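Colleague: Below is the structure I would like to discuss, written out as structure tokens.
The values are calculated or read from the model by the stated rules, or taken from the named source; none is laboratory data. These numbers come from a predicted model, not from an experiment. Please note: Cβ atoms are built from the backbone with ideal geometry, for glycine as well, and neighbour counts cover all protein chains shown.
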Amino acid sequence: METRLVIAAALLLAALILPTCKADCDAKPKKPVKRKIKLIPDQIYFESSAAPQNSERSKMIPNLLKNYKQGWKLTAEISDSSEKTTTYLTEYYDMSSKQGFLSFKQDGGDDINLFYMSRTRELFIYRNHECQVTDVQNPPEPVKSLIYEWRTWRENLTILGPSALFARAWTSQGKELIPLGRGCKRLARGLPLPPNFSNLDLEFHVEVAFSNPTVLGPTHFLSHLEVIRNVKNNLLSVTTEDWTAANNVASPLVIMEHIYDYANGHVYSYVDTNGLVGCKIEARDDVAPTVPFPDKNEVNLLQTILPTYDILKNASYLGIHEVRGMPVHIFELVTGPMSVGNANLGHAVLTYGFLTEDDYILDTAVDHRNLPVQVTMLAYGVNNKPYFYFYANIHDITTTVTDLNEKLSVKDCYDENDSEYTWVQLGFPVTDRPALMMANSANIKRAFLEELQNVTGLSPLRTPDVLIDFTDNMAYVTVLILGHPAISGDYAEIPKMKIMEPEWTEGAITRDNCLKACSSKDNKDCSAVSYCSSVCATTTKASVNSSGVLVNSGDCSTYVKTERSKRRNVVLTRDAISYLEDALRKSEFKIVVKHLNTVIVVGTLVAETIEYSTGGLRNMIGESNPDLRHLHQRNSFNAPEGLKEKLVVTALKTDKPYGGYVGSFELQDCADVCRDREDCFTFSSCLVGKQCVIATEARKPEFEETEFQADCTMYTKSYEMNSEELPDICYSSAATKYVGDEPRLGVRRRMHERERVHVQGV
């Protein structure tokens, strides 16, 4: 506190606002005038806006409390050529007794002498041969505007001069024309501005010391922060360690990390307690990164330690000081009232230290100018008494953040299953410099991730793992893609209601896959879904809440797309794979490989092959044709291809000769089994038990051969797929049997009778 209270500036301003004993306390000049101020013992000059452009640059005002610990005598002379007045000031101050004497002498005005004592709170005013004694808190005007008391942790102090007031107290008197902390340099030009880090990636560590004597007593607490910010993807990660008392050397028990995905409106929260990690994902837009304190209060990181430039640009420049042995530019920011969780502050004083331009650092290869070094905050309660304070020492800062997907890995927030984990492998022919390619594997990974993001729009948070393998002539890059996070946050639930006339229906599907079906790029017009047991139904009607769209249904819920989901563009995994396949067909997935840490280009790789984990049975049943890979997609939103005739909430009975249980398989796996067997004509699959039941008779099941199952769906083969179509060709022989007008009936009859039959469709 003491280092920020500039006594000399206060006295000068006091003279400016007291040209006569009846003058108003207004520091703004009536018109441009030339003023010259000379201070003793330190020679400090200030020229107003009317001064010549080549005037000597003003020096810093001395810190009298620090440099003159026993006391001082200070004289000042102020000349106003336009008013043709000169004011002389002399001050004596005794540091040991905390008392001072200030004398004003002005041409044409009454002399004023002030004697004040901090310990007795008395103020003696000598004017016109009269003496008046008042309480230092309640003096008459115009002296009242000059008095300010403040309290440190050890003692009470009294000073004169409004420039020492905090901004809130100063502006309340209508004196906002004097920026806090600048004193007689308030009109100086060319003062440094705070640095702007808004468009820079940042990674740094912070050692924080905190104290709240009001609540926690004299104990100091220590903690450590790690902050990572990525501007391109609008990501911010804040890792905090549990607070420990300064006299406790034990390691912190709890480490918390919050990753804020502002672009997509997600917050990932990690808690690590002695190695036991827990994580949750929230879909939120109104998120603010906070730093929690041991007194249960908290402050916004973007308003304190890492303020936005809109906030920092309002700070006042206090000059160059030494912090942690380094010369730094000091800026001071005074806030208004603010809430910190369990308490409301009247105001807070924050100071920021940034490295100067001096070349005293040995590592000249790195530009250290204006890097943040320290942030301090002194918080005051609504009664203007000190409440808490913290010191934040910033170290190991860099503006180049690499391997973002690894540093901000959110794998622990996902269940390791086929719905959330998808492995995708791209193959790149390597025809030149294979050894150099292998030596630059790390650069290939980084370039691959950058191109992957450009092609698919996936966030780096969803691609935590990247692997690379080389063969004689190929490089294979494999990436793990995590599923759509917290998709339910894109929808508003209406319980016990369902869509009366859905436009698309599918059974044996999970709720999340039902929501993903509505969020897919192929279904952009989808406005809502209904989910009943395992049945998903969608609609594109804009006003879902209007009459006639929804009906009551006790075991259903309807999920309506929110405006939030329409503003965002969170890519589904299946859509990302589709984008990759399109890029490969056009030979547009290219990565430029550079040599180590240079800009020398080793070569360009163009992806030609793609493989991805589907969880299907294609390797077991011999399905290796890449053109048919889409038949084996797990977690698909559509019915299995070639099996479009379906009946939801229905399963084949296994106690009847018609149906036979073949095992426990996912829907698409069960469809693979049926497609692979020529004698399979119908099958049913259940979501929960995964029972796969097939029928080998080429007919539709009778009613008594099926049963109601809420999580099951029955599919029947489209029989045309098992026959070869020869367009515009008719069989000339007379038909032996007439089976109807539809070709599928003839195909089914032919397959049932196990004989070669030609079917003519008209």
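Colleague: May I ask you to list the residues in the range 655-670 that are closer than 20 Å to GLY507 by Cα and exposed (fewer than 15 other Cβ atoms within 10 Å of the Cβ)?
Modeller: Within the range 655-670, TYR661, GLY663, SER664 meet the criteria.
Colleague: Follow-up question, since we're still on this one. Are any residues in the range 318-346 closer than 21 Å to ASP295 by Cα, part of a strand (DSSP E or B) and either under 25 Å from the mean Cα position of the chain (by Cα) or among the polar types (S, T, N, Q) (or both), and if so, which ones?
Modeller: MET338, SER339, ASN344
Colleague: Collect the residues in the range 297-326 that are touching a Ser or Thr at 6+ places or on another chain (Cβ under 7 Å) and not aliphatic (A, V, I, L, M), keeping them in residue-number order.
Modeller: Those that are touching a Ser or Thr at 6+ places or on another chain (Cβ under 7 Å) and not aliphatic (A, V, I, L, M): GLU298, ASN300, THR308, TYR309.
Colleague: Restricting to the range 568-602, give me the number of residues that are assigned to a loop (DSSP other than H, G, I, E, B) and over 19 Å from ALA517 (Cβ atoms).
Modeller: So the first thing to find is which residues in the range 568-602 are assigned to a loop (DSSP other than H, G, I, E, B), and the list is 568-572, 586-589, 595-600.
If we keep only those that are over 19 Å from ALA517 (Cβ atoms) too, we end up with 586-589, 595-600.
Here the count works out to 10.
Colleague: For the range 277-303, name all the residues that are out of contact with any Phe, Trp or Tyr (no Cβ under 9 Å at 6 or more places or on another chain) and part of a strand (DSSP E or B).
Modeller: Selection gives ALA283, THR290, GLU298, ASN300.
Colleague: If a residue must be outside any loop (DSSP other than H, G, I, E, B) and over 27 Å from LEU236 (Cα atoms), how many such residues does the range 425-473 contain?
Modeller: The qualifying residues number 15.
Colleague: Follow-up question, since we're still on this one. Checking the structure you have, find out if any residue of the range 603-614 is outside the structural domain of SER520 (by TED's automatic domain parsing), at pLDDT 90 or above, crowded, with 21+ Cβ neighbours inside 10 Å and part of a loop (DSSP other than H, G, I, E, B).
Modeller: Checking the range 603-614: at least one residue is outside the structural domain of SER520 (by TED's automatic domain parsing), at pLDDT 90 or above, crowded, with 21+ Cβ neighbours inside 10 Å and part of a loop (DSSP other than H, G, I, E, B).
Colleague: In the range 434-445, how many are surrounded by fewer than 18 Cβ atoms within 10 Å (Cβ to Cβ), in contact with a strand residue (DSSP E or B) (Cβ under 6 Å, 6 or more places away or on another chain) and not polar (S, T, N, Q)?
Modeller: The total comes to 2.
Colleague: How many residues, within the range 497-522, are of a type in the set (S, T, N, Q) and without any contact (Cβ under 8 Å) to a residue 60 or more places away in the chain?
Modeller: Selection size over the range 497-522: 1.
Colleague: Continuing with this model, one more query. Out of curiosity, is PHE448 buried (at least 19 other Cβ atoms within 10 Å of the Cβ), outside the structural domain of GLU666 (by TED's automatic domain parsing), within 27 Å of TYR260 (Cβ to Cβ) and modelled with pLDDT of 95 or more?
Modeller: Against the criterion (buried (at least 19 other Cβ atoms within 10 Å of the Cβ), outside the structural domain of GLU666 (by TED's automatic domain parsing), within 27 Å of TYR260 (Cβ to Cβ) and modelled with pLDDT of 95 or more), PHE448 qualifies.
Colleague: What tally of residues in the range 492-510 results from selecting those that are surrounded by 15 or more Cβ atoms within 10 Å (Cβ to Cβ), of a type outside the set (Val, Ile, Thr) and within 25 Å of ALA671 (Cα to Cα)?
Modeller: The number of residues fulfilling the criteria is 5.
Colleague: May I pose another question? Name the single residue, out of those in the range 536-572 being within 20 Å of ALA508 (Cα to Cα) and either polar (S, T, N, Q) or at pLDDT below 90 (or both), that is surrounded by the fewest Cβ atoms within 10 Å (Cβ to Cβ).
Modeller: So the residue we want is GLY554.
Colleague: Restricting attention to the range 521-534, report how many residues are at pLDDT below 90 and under 22 Å from GLN668 (Cβ atoms).
Modeller: 5
Colleague: Out of (1) touching a helix residue (DSSP H, G or I) at 6+ places or on another chain (Cβ under 8 Å); (2) in a loop (DSSP other than H, G, I, E, B); (3) closer than 30 Å to VAL649 by Cα, what's the single condition that is false for VAL544?
Modeller: (1)
Colleague: Does ASP310 satisfy the condition of being touching a residue at least 12 places away in the same chain (Cβ under 8 Å) and acidic (Asp, Glu)? Spell out the reasoning first.
Modeller: Working: touching a residue at least 12 places away in the same chain (Cβ under 8 Å): no; acidic (Asp, Glu): yes.
Spelling it out, it is not the case that ASP310 is touching a residue at least 12 places away in the same chain (Cβ under 8 Å) and acidic (Asp, Glu).
Colleague: On to the next question. Restricting attention to the range 303-337, and to residues there that are hydrophobic (A, V, I, L, M, F, W, C) and in contact with a helix residue (DSSP H, G or I) (Cβ under 8 Å, 6 or more places away or on another chain), which single residue is farthest from HIS395 (Cα to Cα)?
Modeller: From the range 303-337, those hydrophobic (A, V, I, L, M, F, W, C) are 305-306, 311-312, 315, 318, 320, 323, 326, 328, 330-331, 333-334; that's our starting set.
Add one more test, that the residue is in contact with a helix residue (DSSP H, G or I) (Cβ under 8 Å, 6 or more places away or on another chain), and what stays is 311, 318, 331, 333-334.
Details: ILE311: 22, LEU318: 22, PHE331: 18, LEU333: 22, VAL334: 24 Å.
Selected residue: VAL334.
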